[in-house]
Structures are given as structure tokens and as C-alpha cells.
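Worksheet: the structure to be examined is printed underneath.
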Amino acid sequence: MTRDLQEIQGPDRLARLARDRIGLLLVPAAQGRGYATEAGAAALDFARDVLKLRTLVTYLAPDNEPSKRVAEKLGGELDGVVELLSHGRHCVYRYRLTLRPDGS
Ligand SMILES: CC(C)(COP(=O)(O)OP(=O)(O)OC[C@H]1O[C@@H](n2cnc3c(N)ncnc32)[C@H](O)[C@@H]1OP(=O)(O)O)[C@@H](O)C(=O)NCCC(=O)NCCS
């Protein structure tokens, strides 16, 4: 998880909302076994329970179908498209970290 804004060029609203973000990267031999979904779910729990965040985003290349699928499985929703200065056009998927039933 990272918290910098240096690369983002886009509508001011997206730039401000994009401060906290998550990225996943597995070596090829480990892909396709559900690890990213499992790790992503743990990271979102950490963001909600320890960092006390209520929203988090991930940036995905429009043609990165496995990543988009993982984002959707984790509850992410497409929130817009931005131009990253050194990486080109990316989709922004947003996670809303809702409180647990006990309010924690
Ligand atoms: C993206 C990445 C993290 C996914 O890791 P993973 O452990 O393989 O992901 P999972 O196994 O948890 O889930 C992959 C899902 O994508 C689906 N998928 C794989 N290839 C697909 C394709 N071409 N089109 C659509 N869905 C695809 C799988 O079927 C699976 O969904 P399912 O559980 O509904 O069947 C991994 O491929 C990776 O490290 N890629 C390189 C780095 C990268 O692109 N990171 C994202 C930038 S933040």
C-alpha cells in the first residue's frame, strides 16, 4: 500500500481521493491459484482495521483482465480513468471499507 500522489494527473477529485492505494504483484509461477485474491482481502482488512481507512483504490491497465477480475472479486468498483504520467491510461477501481457489524 502506498500514499503518494506524484504520478497522478487527472481531475482534482480523483487525485485527492487516490491518496491511499493498493497494488498486487506475484511471480508468474504463483499466479492463477487465488493468492492475489487472498492477499488482497487481507490487505483490505488491514487497511480498515489497523489503518482505519474507509476507502482505497487500485490502478489497473485497461487490458489487465486478471487484475480487474481480482479487483471485482475483492468488491472493487470502477470509479474512473486517469492518465499516469509514466504509465499511461489506467482504470481506477475503488474499495469502500465498510464497518464491521459490531461497529469496529
Ligand atoms: C494480477 C495478479 C496479481 C493476479 O494474481 P492471481 O493470484 O493469479 O489472481 P487470482 O488467482 O486470485 O485471481 C485471478 C482471477 O483472474 C481470472 N483471469 C485470469 N486471466 C484472465 C483473463 N485473461 N481474463 C479474465 N479473467 C482472467 C482468473 O480466472 C481468476 O478469477 P476467478 O477466480 O473468478 O476464476 C497476477 O497475475 C500478477 O501479479 N500480475 C502481474 C502484476 C500485475 O499486473 N499487477 C496488477 C497491477 S496492481
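Restricting attention to the range 28-37 and to residues that are assigned to a helix (DSSP H, G or I) and near the ligand (Cβ under 7 Å from one of its atoms), the residue that is farthest from E72 (Cα to Cα) turns out to be A30. Cβ-Cβ contacts under 6 Å between residues 6 or more apart (or on different chains), taken from a first residue in the range 52-80 that is under 12 Å from A36 (Cβ atoms) to a second residue that is part of a loop (DSSP other than H, G, I, E, B), are listed as T58/I22.
So in the range 65-104, with the set limited to residues that are in contact with a His (Cβ under 9 Å, 6 or more places away or on another chain) and surrounded by 13 or more Cβ atoms within 10 Å (Cβ to Cβ), which one is modelled with the highest pLDDT? Here the residue is V81. Looking only at residues in the range 49-93 that are aliphatic (A, V, I, L, M) and farther than 24 Å from Q31 by Cα, the one that is farthest from the ligand (Cβ to nearest atom) is V50. Taking the criterion of being surrounded by fewer than 15 Cβ atoms within 10 Å (Cβ to Cβ), at pLDDT below 85 and out of contact with any Gly (no Cβ under 8 Å at 6 or more places or on another chain), the residues of the range 10-48 that qualify are D12, R13, A15, R16. State yes or no: is E72 closer than 20 Å to L97 by Cβ and charged (D, E, K, R)? Against the criterion (closer than 20 Å to L97 by Cβ and charged (D, E, K, R)), E72 qualifies.
Under the condition of being surrounded by fewer than 13 Cβ atoms within 10 Å (Cβ to Cβ) and either part of a helix (DSSP H, G or I) or not basic (K, R) (or both), the residues counted in the range 52-64 number 2.
The residue of the range 74-103 that is nearest to A47 (Cα to Cα), among those that are within 12 Å of the chain's Cα centre (by Cα) and not in a strand (DSSP E or B), is L97.
The values are calculated or read from the model by the stated rules, or taken from the named source; none is laboratory data. Predicted model only: the values in this text are computed from it and were never measured. Cβ atoms come from the backbone with ideal geometry, glycine included; neighbour counts cover every protein chain shown.
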